[in-house]
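**Student:** Before anything else, here's the structure in question.
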C-alpha cells in the first residue's frame, strides 16, 4: 500500500480547485484512492495539505476569501465522494463531533470525522457553529461515548468551554483537538483530554469505552476578567479606534473599507488577548500578534500601525484586566525589536 | 428514465441521516441514481425535500439545531458523492455562485450549483457567507458571464445588494434566486433578473451569453430609513427588551437562556421589518410574523408575548421609520384576530 503521495499531488489539486475544475480535482483524488493510497493519507496529506496551503496563501495576500471558499467547496465535495467510495463497515461506539458556536470553519472537523470513521469509529458529525444548548439536548437524547470538539481559532475558546459544560451536564466526557489547542489549553477550557491526531483520538476513545472516565458535572470556571474582556471587545475596539485616528495620521486617508477593517482588527486583538488569558497561555497572543503583523505587512499596512493600535488598546484593556494590558504592551516591544 | 421517486424515499433518507447512518443514506441515493433517476430529480425531490422537512420539524420544535446540522452534513456528503458519480462534461460558460455575507445556509446554493452543472453550465461555487469585497476581486480576475446569488432568508437582503453592487462595478450581470426572493424583491436589491428554478436560470444564462445584458455600474439605492433600521436593530432590541419586562410579567421568571432568546427575537423582528421595507414588500413581514408566532407557540411561548414585543418595539421603530412602526402594529392586530 503506497503511503507517500506523488510529489505535487496537492499542488495539482489546488490548481484544479482554483480553476473551478471540481470534477477533475475529485477524479485526481479518487484515482489516488483506487491506486491504493489509504483514506487517512489522502485526508491528511492531500486535502489537509491543500487547506494549509490555501491558508498560507491567504495570509500572504496572494489569494482572497472568495478563492478560499472556492477551494473549500471543492475539498468538501471531494471528501463526500471519497467517503462514499470507502467500503462501509458499521462503526464501533458513537461519538458526537462538533465545532464550537461561532466557529464556521467546518472542513477540519469534517476531515477529522472521516478519518475516525475510516478507523471504525461511529461518528455523528454536526459541523460548523452549533449552539451549546442544542448540542446539550442532542447529547441527552443520544448518550454518545464522548463529545469531540475541534477548535482551530482561539476566538472559539468560550464556545469550547460552553460545549464542555453541556457535555458534562449529561455525564459525557469531552475530547478536544485542533490547531488552537494543546493539552493544557484543552483542560483549561474544560475538556477531559486532548488528542494530537486521529490515532491517539481513536485509542483514547477505545479506552474510554472500556473504562468511562469520571466526569465532573460542574461548569468549568473561566477567568472572569478574561471573559469580561471578550464580551466587551466591540466596545473597547470602538474606544481604541477613536484614539488611533489621533495617534496614526495615515488613517485620515483611509477609505470606508480600510476603516472597517481597522476597527475589526482592534476588536480581534482584544479577543485574542482575552483568549490567551482564558487558557492562561500568553504565548498564544504572541503567536497571534506575529501572525497579524505579517498579515498586515503583506497588505501594505506598516508594523507601526499595529504598534499604534496596541498602544491605544492597552489602557482601556488594562482597566478590565491588568495582565492583558501588560501583554499588549509587551507585544509592542517585541514588534519594535523586529522592525528595528 | 423514472422521474417520480418511490414514496417515502426522502423519509427513509431523513431517518437514516438522523440516526447518523451517513453511509446508508448516501447508498440509498446512489442506488436511486444507478436505477435511472436523474440528478436534478434527486437534488430537488430527495435532498431538497429532506431539507424542507428538517426545516418544518425544527419550526414545530420536534428537532433541534443539532439534528439540523447532522442531516445537513449527511446531505452535503451525499451531494459530493452524487456529483462524482455523474459523468463529467466540461461546462458551457462560467458563472460564480455565492451566498450573501452573513448567510451561512450554503446547502441550497450547493444544490443549485450541482443542478446547473448537471445541465452543462460551468459554475464556480463559493458557498456560505462570502464578503462582497472578496467576491468583487474574484469577479474582476475571472470575468464570469454572471454572478448568481441565492437568498433564503430576508436578513441577507443587504448582503444581496452588496454582492449586486460588487458585480456591477465590474460589468457582471446578477441573477438572483432562493426562497426569500421573487422578481420584484430581486430587482429592488439590484439583481438584473430572478429565476424560479434551474431550467429558467439555465435558459436565461444562455441568452445572456448570446446577448450580454446592459449593466448599470451605479450602486443600488436602498431605502435609507430601512437601512438605518437594520443597522440599529441590536440597539432597538435592547430598548424594547427593557420595556418588555414591564409589559409582560412572565418574563420575571425567565432563565438566562430564555432572556437571551427574547432579546434575539426582538432584534430579529426589527431586522425583518427593515428587510420588508428594503424590498418595499410588507407582505414579507406578515409572513415572518405568522411564522414566528407559530414557532414561539410550538415552544410554549404564548402569542401574547409576541404581541407585547411588537407593541414595545413599535414606538422606537417608528422614530426611525414611520411605515415600519405601522407595520409592527398591524401585525399586532392580525395576531390578536387569530388568537381570538
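The values are calculated or read from the model by the stated rules, or taken from the named source; none is laboratory data. Quick caveat, the model's predicted, so the values are computed rather than measured. Here the Cβ is made from the backbone with ideal geometry for all residues, glycine too, and neighbour counts use every protein chain on show.
**Student:** Restricting attention to the range A:10-45, which residues are without any contact (Cβ under 8 Å) to a residue 60 or more places away in the chain and over 27 Å from residue B:95 (Cα atoms)?
**Tutor:** Residues satisfying the conditions are A:31, A:32, A:33, A:34, A:35, A:36, A:37, A:41, A:42, A:45.
**Student:** Continuing with this model, one more query. Residue B:122 fails exactly one of the following numbered conditions: (1) at pLDDT below 95; (2) out of contact with any strand residue (DSSP E or B) (no Cβ under 6 Å at 6 or more places or on another chain); (3) more than 22 Å from residue A:133 (Cα to Cα). What is the number of that condition?
**Tutor:** The number of the failed condition is (2).
**Student:** Here's something else I'd like to know. Give me the residue from the range A:1-29 that is surrounded by fewer than 16 Cβ atoms within 10 Å (Cβ to Cβ) and either facing chain B (nearest Cβ under 10 Å) or at pLDDT below 90 (or both) and, out of that set, nearest to residue B:127 (Cα to Cα).
**Tutor:** A:19
**Student:** Pull up the range A:79-92, narrow it to residues that are under 27 Å from the mean Cα position of the chain (by Cα) and facing another protein chain (nearest Cβ under 7 Å), then point me to the one that is surrounded by the most Cβ atoms within 10 Å (Cβ to Cβ). Explain how you work it out, then say what you get.
**Tutor:** First, pick out the residues of the range A:79-92 that are under 27 Å from the mean Cα position of the chain (by Cα): A:79-84, A:91.
Cutting the leftovers down to facing another protein chain (nearest Cβ under 7 Å) gives us A:79-81, A:83-84.
On the way: A:79: 25, A:80: 27, A:81: 25, A:83: 23, A:84: 22.
In this case the residue turns out to be A:80.
**Student:** On the basis of being surrounded by fewer than 19 Cβ atoms within 10 Å (Cβ to Cβ) and touching a residue at least 60 places away in the same chain (Cβ under 8 Å), does residue A:56 make the cut?
**Tutor:** Here the answer is no, as residue A:56 does not meet what is asked.
**Student:** To continue, here is another question. Scan the range B:252-280 for residues that are surrounded by 14 or more Cβ atoms within 10 Å (Cβ to Cβ) and in contact (Cβ under 8 Å) with a residue 40 or more places away in the chain and report the count.
**Tutor:** 15
**Student:** For residue A:67, indicate whether it is buried (at least 17 other Cβ atoms within 10 Å of the Cβ), at negative phi, at pLDDT 95 or above and touching a helix residue (DSSP H, G or I) at 6+ places or on another chain (Cβ under 9 Å). First the steps, then the outcome.
**Tutor:** On the way: buried (at least 17 other Cβ atoms within 10 Å of the Cβ): yes; at negative phi: yes; at pLDDT 95 or above: yes; touching a helix residue (DSSP H, G or I) at 6+ places or on another chain (Cβ under 9 Å): yes.
In short, yes.
**Student:** Quick one: is residue A:136 touching a residue at least 24 places away in the same chain (Cβ under 8 Å) and assigned to a helix (DSSP H, G or I)? Break it down into steps so the answer makes sense when it comes.
**Tutor:** On the way: touching a residue at least 24 places away in the same chain (Cβ under 8 Å): yes; assigned to a helix (DSSP H, G or I): yes.
Considered against the rule, which asks whether it is touching a residue at least 24 places away in the same chain (Cβ under 8 Å) and assigned to a helix (DSSP H, G or I), residue A:136 comes out as yes.
For every residue, the table says whether it meets (1) surrounded by fewer than 21 Cβ atoms within 10 Å (Cβ to Cβ); (2) within 21 Å of the chain's Cα centre (by Cα); (3) more than 12 Å from every other protein chain (Cβ to nearest Cβ).
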position: A:95; (1), (2), (3): no, yes, no
position: A:120; (1), (2), (3): yes, no, yes
position: A:153; (1), (2), (3): yes, yes, yes
position: A:168; (1), (2), (3): no, no, yes
position: A:180; (1), (2), (3): no, yes, yes
position: A:185; (1), (2), (3): no, yes, yes
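**Student:** Tell me, yes or no, whether the range A:86-104 has at least one residue that is part of a helix (DSSP H, G or I) and in the same structural domain as residue A:205 (by TED's automatic domain parsing). Quick ask: steps written out before the conclusion?
**Tutor:** We begin by selecting, within the range A:86-104, every residue part of a helix (DSSP H, G or I); these are none.
No - not one qualifying residue is present in the range A:86-104.
**Student:** Taking the range B:30-39 as the region of interest, how many residues are assigned to a helix (DSSP H, G or I) and either more than 14 Å from every other protein chain (Cβ to nearest Cβ) or within 17 Å of residue A:123 (Cβ to Cβ) (or both)? Give the steps one after another, and end with the answer.
**Tutor:** Pass one, the range B:30-39, residues assigned to a helix (DSSP H, G or I): B:30-34, B:39.
Add one more test, that the residue is either more than 14 Å from every other protein chain (Cβ to nearest Cβ) or within 17 Å of residue A:123 (Cβ to Cβ) (or both), and what stays is none.
Residues flagged as assigned to a helix (DSSP H, G or I) and either more than 14 Å from every other protein chain (Cβ to nearest Cβ) or within 17 Å of residue A:123 (Cβ to Cβ) (or both) within the range B:30-39 amount to 0.
**Student:** Given (1) within 14 Å of another protein chain (Cβ to nearest Cβ); (2) assigned to a loop (DSSP other than H, G, I, E, B); (3) under 28 Å from residue B:41 (Cα atoms), where does residue B:147 come up short, assuming only one miss?
**Tutor:** All conditions are met except number (2).
**Student:** Would you check which residues across the range A:123-133 are facing chain B (nearest Cβ under 7 Å) and assigned to a strand (DSSP E or B) and list them?
**Tutor:** Within the range A:123-133, A:124, A:125, A:126, A:127 meet the criteria.
**Student:** Same structure again: Only residues that are within 9 Å of another protein chain (Cβ to nearest Cβ) and modelled with pLDDT under 95: list them for the range A:97-109, please. Steps first, please.
**Tutor:** If we filter the range A:97-109 for residues that are within 9 Å of another protein chain (Cβ to nearest Cβ), which is where we start, we get A:98, A:104, A:106.
Result: A:104, A:106.
Residue-wise test of (1) more than 30 Å from residue A:64 (Cα to Cα); (2) out of contact with any helix residue (DSSP H, G or I) (no Cβ under 8 Å at 6 or more places or on another chain).
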site	(1), (2)
A:201	yes, no
A:213	yes, yes
A:223	yes, no
A:231	no, yes
A:235	no, yes
A:262	no, no
A:281	yes, no
A:291	no, no
A:294	no, no
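**Student:** Hey, among B:54, B:74, which residue is touching a helix residue (DSSP H, G or I) at 6+ places or on another chain (Cβ under 9 Å) and within 11 Å of chain A (Cβ to nearest Cβ)? Let's see the steps before the verdict.
**Tutor:** Working: B:54 fails: within 11 Å of chain A (Cβ to nearest Cβ).
The unique qualifying residue is B:74.
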